[in-house]
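Notes follow the structure.
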Amino acid sequence: MHLIGKKILIGITGSIAAYKIPFLIRLLVKEGAEVKVVMTPSSADFVTPLTISTLTHSPVLTIPFNSADGTWYSHIDWGNWADIYLIAPASANTLAKMANGLTDNLLTAIYLAARCPVFFAPAMDVDMFMHPATQANIARLQSFGNIQIAPQVGELASGLTGAGRLEEPEAMLQALIDYFSQSVTLQGTHVLITAGPTYEAIDPVRYIGNHSSGKMGFALAAEACRRGASVTLVTGPTALVTDHQGIERIDVITAGEMAKACNAHFDKADITIMAAAVADYRPVKSADQKIKKSENVLTIDLEPTIDILKDLGRRKTDQQILAGFALETQNEEQNALEKLGKKNLDLIILNSPTAQGTGFGYDTNKITIFLKTGKKLEFPLKSKQQAASDILDAIFSCVQK
Ligand code: CTP
């Protein structure tokens, strides 16, 4: 029994996949969890409250008020009761409401009030799932620290085939068990993470930058926080938001500013992960005024920026773990291993921007991790959230040594 005493609140929305939830409840109860369920009104068309109530031995809520006995059910209390709030199946409509803070039913009101970690398992037709609006909503929820249990690719109720099939109950159960077993592995540690690009000014309106979105660094920060670490996230310019209470966010623009912030926080960091795409060069001189156009060739002299990671590698003590990224378009493994040694790292994560679905801006990444012990860990294409989990597993294996 892996979930003894754990309180799991499940939110069921209107989707044909709701039929899987009674199976999930049985599995959770078998593992020792206490389960309560809140349902949207339309979900009762797919699975009955009576079935759910029988399996959970608890009343099922759909509206905040029981007109029979006058009881008011507080969304605040339910959110506070839960160790985890799992919204499954999560319809496109409910995902959109969650992403935008709408609370027109009890399930979404609890979502907004809940302090516990939130999981959501989308289930919908492939075109609805792939629609940019749904994908943007999912990305927004992930930026809040909510954890997606990604849908499977397969045959859908509509007869179409594609992504959108609710994950199987056994796999959802495993995701929750994994969560509880990992959630304390970084308790008491301080993790320093960098993310995003840096911008090096050419003049007051122009800069040298790169396409880094910051998504990988932010996913790492969220995952480290989820595992109990206190996190300092030093980020270059990005549109991403983070509202984790355990993350101290420091916004910087240039490589110089990033170096300063890293230097200030490095000594107290048990683990440092440099996921930022730091500019290697900056203009020797940034013009005071906007450079005017002319017919002549314009030459901008560039000088190297400080290699932050290399500097931290020199300072690192035996108690500290230092991880870097390598972005390579050729001789990938050889270059990554060279950086591992040259920068005195414990591990390096190789990103290949040329592989399908990886690199700047994507929500997925295909990584290979090289440990200084000589171990090589290769992973298939995964969400950046899952890649972050793999990276922290690898780091944790170094901590234990
Ligand atoms: N890095 C850094 N400071 C820099 C440049 C890079 O701290 N000025 C860090 C990155 O955050 C990353 C690692 O070094 O963790 C490798 O970055 P990458 O751009 O792949 O390699 P470089 O060392 O810049 O070498 P090259 O551009 O020649 O591949």
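All of (1) under 18 Å from the mean Cα position of the chain (by Cα); (2) surrounded by fewer than 18 Cβ atoms within 10 Å (Cβ to Cβ) hold for Met98 with one exception: (2). Is region 15-30 home to any residue that is open to solvent by less than 20 Å² (accessible area, probe 1.4 Å) and under 15 Å from Leu107 (Cα atoms)? Yes: region 15-30 contains one or more residues that are open to solvent by less than 20 Å² (accessible area, probe 1.4 Å) and under 15 Å from Leu107 (Cα atoms). Within region 249-297, the only residue that satisfies the criterion of being more than 15 Å from the ligand (Cβ to nearest atom), within 23 Å of the chain's Cα centre (by Cα) and β-branched (Val, Ile, Thr) is Ile250.
Restricting Tyr19, Tyr85 to those that are within 21 Å of Leu173 (Cα to Cα) and assigned to a helix (DSSP H, G or I) reduces the list to Tyr19. When region 298-339 is filtered for residues that are more than 10 Å from the ligand (Cβ to nearest atom), closer than 20 Å to Leu220 by Cα and not β-branched (Val, Ile, Thr), only Gln320 remains.
Highlighted here are the helices (runs of 4 or more DSSP H) found entirely within region 100-207 that include at least 1 residues which are within 30 Å of Ile308 (Cβ to Cβ): 132-143, 169-182. In region 31-61, the residue that is most open to solvent (accessible area, probe 1.4 Å) out of those that are in contact (Cβ under 8 Å) with a residue 24 or more places away in the chain and part of a helix (DSSP H, G or I) is Asp45. Among the residues of region 218-228, those that are open to solvent by less than 10 Å² (accessible area, probe 1.4 Å) and either over 9 Å from the mean Cα position of the chain (by Cα) or among the basic types (Lys, Arg) (or both) comprise Ala224, Arg227.
The values are calculated or read from the model by the stated rules, or taken from the named source; none is laboratory data. What you see is a predicted model, and the numbers here were worked out from it, not measured in a lab. Here Cβ is always computed from backbone atoms with ideal geometry, including for glycine, and neighbour counts include all displayed protein chains. Heavy atoms of the whole protein, side chains included, go into the accessibility calculation; ligands, DNA and RNA do not. Shrake-Rupley method; radii C 1.70, N 1.55, O 1.52, S 1.80 Å.
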